[in-house]
1. Quick query: amide H of LEU61 versus all other amide H atoms, modeled in the peptide plane; which residues come in under 5 Å with a sequence gap of 5 or more or a different chain?
2. Tell me, what % of the accessible area of the range 164-488 is carbon and sulfur with a 1.4 angstrom probe?
3. For TYR29, TYR354, write out the residues from largest to smallest accessible area, computed with a 1.4 angstrom probe and no ligands counted.
4. If you consider only alpha-carbon coordinates, what radius of gyration and Dmax does the range 199-324 have, in Å?
5. Could you compute the FRET efficiency for ASN475 and ASN329, with r as their C-beta to C-beta distance and R0 at 56 Å, rounded to 0.05?
6. Quick one: 3J(HN,Hα) in Hz for the range 377-383, Karplus 6.51/-1.76/1.60 with θ = phi - 60°, rounded, Gly and Pro as x.
7. For the residue pair GLN23 and MET177, what label-to-label distance in nm results when each label sits 7 Å from Cα along the Cα-to-beta-carbon direction?
8. Any chance you could get the radius of gyration and Dmax over the Cα atoms of the range 164-488, in Å?
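The values are calculated or read from the model by the stated rules, or taken from the named source; none is laboratory data. From a predicted model like this one, the values you see are computed outputs, not experimental measurements. All Cβ positions, even for glycine, are placed from backbone atoms using ideal geometry, and neighbour counts span all protein chains on display. Note: accessible area is taken over every heavy atom of the protein model, side chains too, but ligands, DNA and RNA are not part of it. Shrake-Rupley method; radii C 1.70, N 1.55, O 1.52, S 1.80 Å.
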Amino acid sequence: MKRLNPNNCSVVVFNDPKEDCTQTLDLIYSVFSNVVVRSRKADIIAELKEQQQKETTSTLLLIDAEACHMKSSEDCPDLLLQIVHFLRQGLLTNNVTRYHVERSEKITQNVNQVSKVCLSEKDSECGEIWAKFKGRLKGVFRQEHCDRKDYLQAQICTWDFLPLDLDNKDLIQVVYMILSQVLSTFDELKALRVPSGDLYHFIFDICNSYHSTNPYHNFRHAVDVLQANYYFLCRLGVLQPMDPDVSFDPVESDIKNLFEPLDIFALLMASIGHDVGHPGVNNSFMITTSAPLAILYNDKSVLESFHAMSFFHLLREHCFSQLTDLRSNPEYATFRKIVVNSILATDMSMHDEYVAKIQDQAQRLKRKEIDFTDKATCEKEKILICGALIKCADISNCARPFESAKRWAKILAEEFFEQGDLERELGMTVLPINERGKIRLEDFQLTFKRFVALKLFESVSKVTPCMQFTVDQINENVDIWEEMKLQDKQQQQKQSPVEQNSNSPTEKNVVTPNNIPPQPSPEGKSSTSERPRSGI
């Protein structure tokens with residue numbers, strides 16, 4: 001694999017000879033041994049064709065956008081468009097590789113120079129071109145800023161984690177940090193350890209398999225579920241928090257002893273892949289419209305079956321293909337069982353049935369009816385608790401601190417509304433929950449928390465008491481939603497007399513349902529104005 005290393009990387013720079021880019025070029029020359037500067041587009045194309053003949057080197061193309069004379073800074077440089085055109089025609093070869101930067105002492109010194117310039121308060125003295133290049137050049141050498149890594153590490157280990165405030169780069173890094181920790185912690189997972197580039201490549205494709213246009217069911221939600229399950233496992237004591245400043249009280253639990261390293265990895269992998277390819281509509285929509293997936297899966301857990309299938313295709317295409325080849329690797333059969341069953345457990349149409357199973361498990365634990373020496377029994381109980389944890393993680397928004405929970409609630413409501421808009425456009429019946437303005441956010445949240453979320457989290461807390469903190473947070477959020485609902489009702493009551501006076505109908509503007517002019521009442525008032533407003 002080619003590596004973007006100064007020793008085997010050529011740099012082709014396109015710039016305007018009228019502009020003074022001395023400082024920028026000096027920096028590039030100090031790092032790369034082979035640098036070519038051209039000011040004509042035809043020369044750039046010719047140079048790229050020549051560079052591609054050198055199979056042992058990579059080529060880094062730097063384009064001075066101003067030299068392309070664009071009308072707007074948001075436009076794409078025409079030279080770049082031309083190169084893309086050549087790539088599609090096969091006139092230029094596009095070999096995309098993942099690479100790791102080897103940092104020698106000389107490179108480290110250059111990185112420090114870049115950092116000093118970037119942190120300087122006198123950036124303006126370096127010129128406009130340097131201001132554009134500095135971030136990109138710094139990124140070539142620095143894999144990640146230590147401060148940012150420390151920040152993400154701390155966020156991963158707190159229940160205040162909020163992916164809505166993170167960009168895609170941070171989200172991908174969060175996934176990498178969690179999976180990397182699990183793989184490197186347990187010797188039993190040594191066979192699954194892969195180069196960092198391969199792991200990133202896998203995560204990139206997971207990210208791209210989610211529809212970013214979905215308001216809720218996107219990669220951010222997947223990372224949120226992953227972090228929630230990571231946090232649960234840390235609270236349970238089967239994982240050590242990656243932040244050395246975070247620790248939890250020791251947990252004595254038979255359930256805790258069910259988890260093997262492969263089970264932990266399987267649950268976390270199921271978390272990041274549980275909604276892969278989600279179309280932004282629910283199972284009911286898929287079934288009602290007779291979507292091909294609904295027909296394929298016989299109207300049962302349609303999307304969840306699709307997510308599980310899609311995720312295993314991604315595993316097979318990347319560095320974890322051995323996890324999908326059970327004929328050659330029968331030891332990974334448990335991995336598949338946990339991943340598939342955990343993803344299927346997120347089907348909300350099966351929610352009450354699953355909660356009942358968890359309650360039964362809690363009773364078996366209480367009565368000490370589980371034989372933890374029997375392998376088959378342990379596997380059954382383990383699959384059940386994994387499904388319970390991912391269900392909690394899947395709807396963990398309502399158990400987060402209130403401000404975070406409120407933001408998630410608005411985003412989820414918007415996805416429901418978008419489905420309702422589509423249903424109306426298709427002439428389908430629109431449920432009240434999907435109709436804009438039909439159900440207040442406070443009412444929706446209170447109903448969901450009381451009749452759906454609390455039943456689940458309370459049941460899981462009886463199986464593993466370390467989850468009680470989620471129940472407490474939900475109850476706290478319920479109180480806040482109730483207070484908001486009360487305040488809003490009081491506000492409406494204050495405004496209603498004013499609205500009734502200002503909006504009261506007159507004989508001139510009132511139109512009855514049958515377009516019959518209003519008749520005077522004995523008191524001399526319009527009989528229509530006597531009717532309740534809802535009857536008009």
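1. For LEU61, the qualifying residues are VAL12.
2. The value for the range 164-488 is 50 percent carbon and sulfur by accessible area.
3. Values: TYR29 115, TYR354 30 Å².
Largest accessible area first, the list is TYR29, TYR354.
4. Final numbers for Rg and Dmax: 16.9, 52 Å.
5. Using R0 = 56 Å, I get an efficiency of 0.80.
6. Per residue, the Karplus-derived 3J(HN,Hα) values read 5, 4, 5, 4, 5, 5, 4 Hz.
7. Inter-label distance under the simple model: 3.3 nm.
8. 19.7, 63
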